[in-house]
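Here's the structure we're looking at; comments come further down.
The values are calculated or read from the model by the stated rules, or taken from the named source; none is laboratory data. None of these values were measured; they are calculated from a predicted model. Reconstructed Cβ throughout: ideal geometry from the backbone, glycine too, with neighbour counts over all protein chains shown. Surface accessibility is based on the protein's heavy atoms, side chains included, excluding ligands, DNA and RNA. Shrake-Rupley method; radii C 1.70, N 1.55, O 1.52, S 1.80 Å.
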Amino acid sequence: MITIAAPIIGKEETDAVNEVLRSGMLAQGPKVAELEQAFADYCGTKYGLALNSGTAAIHAALHAAGVGAGDEVITTPFSFIATINPVLMQGATPVLVDIDESTYNIDPALVKNAITPKTKAIIAVDLYGQPADWDELRAIADEHNIVLIEDACQAIGAEYKGRKAGSLADIACFSLYATKNVMCGEGGAITTDNEEYVTAIKSFRQHGMVAPYEYEGLGFNYRLTDLQAAIAVEQLKKVDAFTAARQKNAAALNQGLKDTPDIVIPTVADDRTHVYHQYTIRLTGGQDRAALIDFLRSKDVGCGVYYPKGLHTYPHIAKLGYNQGDFPIAEQVASTVLSLPVHPGVTESDVQTITAAVIEGLNNA
Ligand SMILES: *Cc1c(COP(=O)(O)O)cnc(C)c1O
């Protein structure tokens with residue numbers, strides 16, 4: 001089976017974990033500090049922070065931005081659920097706007113229309129590994145004094161006008177979940193230039209603690225362990241090689257699929273790079289996606305649908321007043337996308353197998 005994702009773990013990672021195990025310091029300690037500095041250095045920000053998931057990172061970012069009850073946060077209906085749930089966890093209201101059909105990222109023109117006096121933050125996602133329209137979003141945020149949050153969970157290493165994902169907003173969030181481009185099983189990170197945010201997040205990830213047994217408010221246990229940080233530090237050293245392999249595979253998939261009728265292959269805007277967390281095609285000829293997925297699996301080609309539904313259709317979001325039909329582009333895209341294996345473990349011969357299976361499957365779908 002050519003799986004849709006596969007973590008790549010070398011001797012560097014296992015040695016680093018063993019070293020932490022032998023050190024006796026297993027929880028948040030020097031390896032976490034090393035990872036935080038490495039993230040800041042890699043992304044080109046002043047500060048890096050480690051947390052125990054991407055979801056925790058987004059939650060902590062919203063807390064640092066001062067998002068709370070009565071505030072509105074504008075975001076996309078086409079992402080993983082963890083982009084939006086932390087908005088609700090802070091007691092704020094997510095305000096969704098539709099996406100751009102070619103990049104699948106939030107449409108800045110619609111963001112502009114959705115601003116109200118209650119808008120406190122915008123969360124834009126660098127979906128599949130391609131940065132959102134950050135200059136346009138920055139202009140809107142500056143005009144209305146709104147905090148910009150980058151969900152860069154899928155975009156480590158991607159560039160926008162020469163700047164790295166993680167440095168494109170006021171605060172950025174990464175996931176180190178097992179399937180992500182840089183991973184440690186479960187984990188997360190934040191990058192920012194804002195020292196006040198750093199202070200707020202350090203307290204929030206540790207029960208709201210500001211000095212030994214002094215708690216300034218509600219907080220969580222969102223700490224990463226040194227065991228996990230040790231893996232992520234080694235992974236981050238390899239990220240550019242991982243990205244190059246993903247980009248090479250994506251180019252080969254493009255080559256193999258570009259003349260196939262009634263599909264759309266990924267497009268990359270001129271001023272940015274795509275790190276292909278997912279290589280996602282769209283079936284635009286009304287083909288039966290479920291049948292194609294079954295066919296691919298029968299040929300040992302893994303695939304995935306990211307994401308099958310708009311976030312506004314899930315009950316806890318829909319009850320805010322959203323209905324099917326509210327976001328036609330996101331809905332159309334959600335019902336037609338299909339992601340194919342692109343990770344660094346995919347070989348040239350795997351690419352041949354994948355493209356041949358897609359073409360054969362589409363002829364029957
Ligand atoms: C993975 C992911 C998250 C959540 O990260 P976890 O580490 O799984 O909590 C959030 N947003 C996006 C876009 C993601 O891909």
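In region 78-91 there is no residue that is closer than 22 Å to residue 180 by Cα, out of contact with any helix residue (DSSP H, G or I) (no Cβ under 9 Å at 6 or more places or on another chain) and of a type in the set (Gly, Ala, Ser). Looking only at region 274-284, decide whether some residue is crowded, with 16+ Cβ neighbours inside 10 Å, part of a loop (DSSP other than H, G, I, E, B), more than 16 Å from the ligand (Cβ to nearest atom) and at pLDDT 95 or above. No; the residues of region 274-284 include none that is crowded, with 16+ Cβ neighbours inside 10 Å, part of a loop (DSSP other than H, G, I, E, B), more than 16 Å from the ligand (Cβ to nearest atom) and at pLDDT 95 or above.
The residue of region 68-99 that is farthest from the chain's Cα centre (by Cα), among those that are in a loop (DSSP other than H, G, I, E, B) and within 16 Å of the ligand (Cβ to nearest atom), is 90. Residue 270 falls short on exactly one of the conditions (1) without any contact (Cβ under 8 Å) to a residue 12 or more places away in the chain; (2) in contact with a helix residue (DSSP H, G or I) (Cβ under 9 Å, 6 or more places away or on another chain), and that condition is (2).
Number of residues in region 205-237 that are open to solvent by 20 Å² or more (accessible area, probe 1.4 Å) and either in contact with a Cys (Cβ under 9 Å, 6 or more places away or on another chain) or outside any strand (DSSP E or B) (or both): the value is 15. I'd like the full set of residues that are within 14 Å of the ligand (Cβ to nearest atom) and either assigned to a strand (DSSP E or B) or open to solvent by less than 10 Å² (accessible area, probe 1.4 Å) (or both), limited to region 185-204. The answer is 187, 188, 189, 190. Within region 320-342, residues that are in a loop (DSSP other than H, G, I, E, B) reach partners that are modelled with pLDDT of 95 or more and aliphatic (A, V, I, L, M) with beta carbons closer than 6 Å, at six or more positions or on different chains, in the pairs 336/283; 341/2; 341/4; 342/250.
Criterion applied to 128, 177, 104 was being within 16 Å of the ligand (Cβ to nearest atom) and part of a helix (DSSP H, G or I), and the one residue passing it is 128.
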